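Below is one structure, written out as structure tokens, with a few remarks after it.
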Amino acid sequence: MLTWLKIGFLNLLQNRRRSLATLGAIAFGFAAISLLGGFTDYIFKSLEDTYIYAQSNGHLSVFKKGFLEKGSLDPGKYLIEEKELATIISLCRQEPEVVLATPQLDINGLISNGSVSTIMMASGKDPAATNRIGSLARGFTARLKLFKGSSFPDDAFAKAGISQGLADKLGLAPGSEIIFMTNTIDGFMNAMDAEVIMTFDASIEILNDLYVSIPFSFAQALYETKGADRVNILLKNSRQTLPLKRRLQKIFSAQGLATEIFTWKQLQPSYSRIHNMFNVIFSFVFIIVLTIVALSVINTVSMAVVERTRETGTLRALGLKRSGVIKMFASESAILASLGSLGGLLLTVTVWALVIFFEPTWIPPTIPKEVPLEIHLVPWFLIFTTFSMVGLAAVAAVIPARRAAQMSIIDALGHI
Amino acid sequence: MQLQSNKRLDPMPLITLKQVKRCYRLGQTSITALSDINLQIEQGEFVAVWGPSGSGKSTLCNLIGTLDNPTFGQIIVNGRNIAEMTDAEQSDHRNHSVGFIFQRFNLISVLTALENVCLPLTLRGESKTVSSQKARSILADVGLETEADRRPDKLSGGQQQRVAIARALVTEPPLIVADEPTANLDSKTAEQIVALMRRFNHSLGTTFIFSTHDEHLLKEVGRRIRLHDGRIIEDIVTTANEKQVC
Ligand SMILES: Nc1ncnc2c1ncn2[C@@H]1O[C@H](COP(=O)(O)OP(=O)(O)OP(=O)(O)O)[C@@H](O)[C@H]1O
Ligand SMILES: [Mg+2]
């Protein structure tokens, strides 16, 4: 085997220029795939982190069965009652994988600046939990400040964060006084004063004229309930999302609770859309790169096959089998691909280091703010790319090598 | 008794050709390169195949070396008709039982003399230590121990052909086929090469079949097969008592 690798390697050296050209194609192809893969990984991770940490939604959300389909028509019927809420939260807290479980209550109604009023959608979350989730964020999400003004103190009550579009419409800024007018759970009209402490850009444009953030206790007061419409659960590790969903589902049904649990992926429909979009882009690039690499390898090996026809005939005369001829050219091509992958790895690491050094920024599709652009080095993905390149090169070499293997020995020996 | 019966088996010919014919297709027409070849070659013979250009010398050497298959007839080696072997079996047969010496030496240019000699052993999966040891000793036999680590392009034609002889001998095959091994060498070197082959023929008992169109080289041979237009017109055993003319 060593001799074959040596023959392959020495032959590659003998045709340095041609080998370098193919090696370059493989190296750039490798870098293109792994950089795009690293960027895609960054996109997916930041989508995940933004939803889970920056928007403090957690990994899992527990709803009363049917809430997501019918809850908006009859919210009272699909609310988690006070006692159930306490049970759910205490059951969640018994799980070692759970960092925290916190209730949320969303309400609709009108918001007024004293003279004009307009419709709004308010999300009531516990400020202490929100602050804690934010403090656990990793990467740039930890440094991300998505609002103007100050954040909610842990014990905030009649305070509100207003989306920028809504603030502009009503002429509001941090410090402004506002009035919330909502229905109570029993259908009565309720109105309460509050103070604007922050403005922010909503993650989706259509929400920017509607969305309001308030403390959970204030939402409960406006709606006159002790219940919540969901419990958000933050986990230690994202990988536990599905196992814990299944586990909690079992625990809750054992307790006779009619609940449904959804993962952050299910609750963030844009995630799978963006995920699919990047997968399509990635597949395109992947296929194009692999095609270029395959063509370049086929071209190189075809030339080598022609040049070394007499050598192949000689080796066949000495007893090399047809399959051996194919193995010889395939392993030569695999050596080339390994070296090319090594070059590609160096290129990738160089670009990665440059990105870290220059810290470029951009505005991603889901965060209305300039954030650092990153490229992740994903070890398993680099390994996968290397194997794809080496495997592809070996397989592509078989096409021309088969011609060499099928040639009659005397024709090959007679070749000049 | 046992020994005697073994002795009787011994003269079984190394190779038998029966009614062998080889035609080449050239477009619509077919060229008959060899026809009506009947031949037996015994273990230990030193055979020269000679004749003018185009007489079929290479074709005959290729058939005997199982580099090629006959269009018609049988070639029997070790009791087996080679036409019935698969390509892989023929490859194994060549690796174990045939050595080749070529007109243009055909050494692998990127390998050293020693590595070239090792090749047939490497091909059958022999360890590097064992094959290097064998190759070194056989290189010494052909007088090239000091050139072992040189690449072919650093050797003269005569030296390259001696490396090729070492490569052919390293597996200790019963048969070595050499198609015009001296055509690319000057006459003095050519004679040295034939003498070298003759030496191994004597010392190891290896059967040599070589082709040439140079009558000067026929002095030393034990048997001459003369070809003309693809037929054997003369088959003379010179060193043995019997003289046979076909
Ligand atoms: N591959 C081939 N295709 C067609 N015809 C061939 C082929 N090889 C040999 N021939 C023909 O077969 C005949 C015998 O050729 P062969 O090469 O065996 O002769 P030779 O005695 O070795 O000649 P030389 O001394 O020139 O090497 C010639 O007429 C030759 O033209
Ligand atoms: Mg010839």
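The values are calculated or read from the model by the stated rules, or taken from the named source; none is laboratory data. None of the values given here were measured: they were computed from a predicted structure. No Cβ is skipped: glycine too gets one built from the backbone with ideal geometry, and neighbour counts run over all protein chains shown.
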- Item | B:Gln28 being more than 8 Å from chain A (Cβ to nearest Cβ), modelled with pLDDT under 95 and within 13 Å of the chain's Cα centre (by Cα) | no
- Query: Residues of segment B:207-227 being within 16 Å of ligand 2 (Cβ to nearest atom), farther than 21 Å from B:Arg104 by Cα and either out of contact with any Asp or Glu (no Cβ under 6 Å at 6 or more places or on another chain) or within 14 Å of another protein chain (Cβ to nearest Cβ) (or both), which ones?
  - Reply: B:Leu227
- Task: Could you please find all residues in segment A:82-95 being assigned to a loop (DSSP other than H, G, I, E, B) and touching a residue at least 60 places away in the same chain (Cβ under 8 Å)?
- Result: A:Glu95
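Each row is one residue, and each column tells you yes or no for (1) under 26 Å from B:Asp214 (Cβ atoms); (2) of a type in the set (A, V, I, L, M); (3) away from ligand 1 (no atom under 16 Å from the Cβ).
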residue: B:Thr29; (1), (2), (3): no, no, no
residue: B:Gln40; (1), (2), (3): yes, no, yes
residue: B:Gly54; (1), (2), (3): yes, no, no
residue: B:Pro70; (1), (2), (3): no, no, no
residue: B:Val77; (1), (2), (3): no, yes, yes
residue: B:Met85; (1), (2), (3): no, yes, yes
residue: B:Asp92; (1), (2), (3): no, no, yes
residue: B:Ile108; (1), (2), (3): no, yes, yes
residue: B:Thr112; (1), (2), (3): no, no, yes
- Item | Matching option when the condition is in contact (Cβ under 8 Å) with a residue 12 or more places away in the chain and either buried (at least 20 other Cβ atoms within 10 Å of the Cβ) or within 14 Å of chain B (Cβ to nearest Cβ) (or both), among A:Leu68, A:Leu105 | A:Leu105
- Expected output for segment B:103-124 (first residue in contact (Cβ under 8 Å) with a residue 60 or more places away in the chain, partner within 16 Å of ligand 1 (Cβ to nearest atom), Cβ below 7 Å, 6+ apart or cross-chain) is B:Gln103/B:Asp179; B:Gln103/B:Glu180; B:Gln103/B:Pro181; B:Gln103/B:Ala183; B:Gln103/B:Asn184; B:Arg104/B:Asn184
- Task: State all residues of segment A:1-24 that are in contact (Cβ under 8 Å) with a residue 40 or more places away in the chain, farther than 19 Å from A:Glu311 by Cα, hydrophobic (A, V, I, L, M, F, W, C) and surrounded by fewer than 21 Cβ atoms within 10 Å (Cβ to Cβ); if no residue qualifies, say none.
- Result: A:Ala21
- Scope segment A:346-377; condition under 13 Å from A:Phe39 (Cα atoms), β-branched (Val, Ile, Thr) and in a loop (DSSP other than H, G, I, E, B); matching residues: A:Ile375
- Note on the structure: In segment B:56-68, anything more than 10 Å from ligand 1 (Cβ to nearest atom) and not in a loop (DSSP other than H, G, I, E, B) is listed as B:Ile64
- Task: State which residue is farthest from the other protein chains (Cβ to nearest Cβ) when the search covers only segment A:279-325 and only residues that are surrounded by fewer than 20 Cβ atoms within 10 Å (Cβ to Cβ) and within 30 Å of B:Val177 (Cβ to Cβ).
- Result: A:Val306
- Item | Test: B:Pro174 is more than 16 Å from ligand 1 (Cβ to nearest atom), under 18 Å from the mean Cα position of the chain (by Cα) and closer than 19 Å to B:Glu45 by Cα | yes
- Residue check, B:Ile82 against (1) surrounded by 20 or more Cβ atoms within 10 Å (Cβ to Cβ); (2) within 8 Å of chain A (Cβ to nearest Cβ); (3) without any contact (Cβ under 8 Å) to a residue 60 or more places away in the chain; (4) not hydroxyl-bearing (Ser, Thr, Tyr), all met but one. Which one? (2)
- Do we have B:Ser109 as away from chain A (no Cβ under 14 Å), away from ligand 2 (no atom under 16 Å from the Cβ) and more than 19 Å from the chain's Cα centre (by Cα) here? no
- Query: Of these, A:Leu235, A:Leu222, A:Leu210, A:Leu244, which one is surrounded by 14 or more Cβ atoms within 10 Å (Cβ to Cβ) and at pLDDT below 95?
  - Reply: A:Leu210
- Query: Does segment B:84-97 include one or more residues that are under 26 Å from B:Leu227 (Cβ atoms), in a loop (DSSP other than H, G, I, E, B) and among the β-branched types (Val, Ile, Thr)?
  - Reply: no
- Scan segment B:113-134 for residues that are more than 12 Å from chain A (Cβ to nearest Cβ) and either acidic (Asp, Glu) or surrounded by 16 or more Cβ atoms within 10 Å (Cβ to Cβ) (or both) and jot them down. B:Ala113, B:Lys134
- Query: Is it the case that some residue within segment A:253-263 is of a type outside the set (Phe, Trp, Tyr), in a helix (DSSP H, G or I), under 29 Å from A:Val98 (Cα atoms) and without any contact (Cβ under 8 Å) to a residue 12 or more places away in the chain?
  - Reply: yes
- Looking at A:Phe282, A:Phe286, which is the one that is part of a helix (DSSP H, G or I), closer than 30 Å to A:Leu392 by Cβ and touching a Ser or Thr at 6+ places or on another chain (Cβ under 7 Å)? A:Phe282
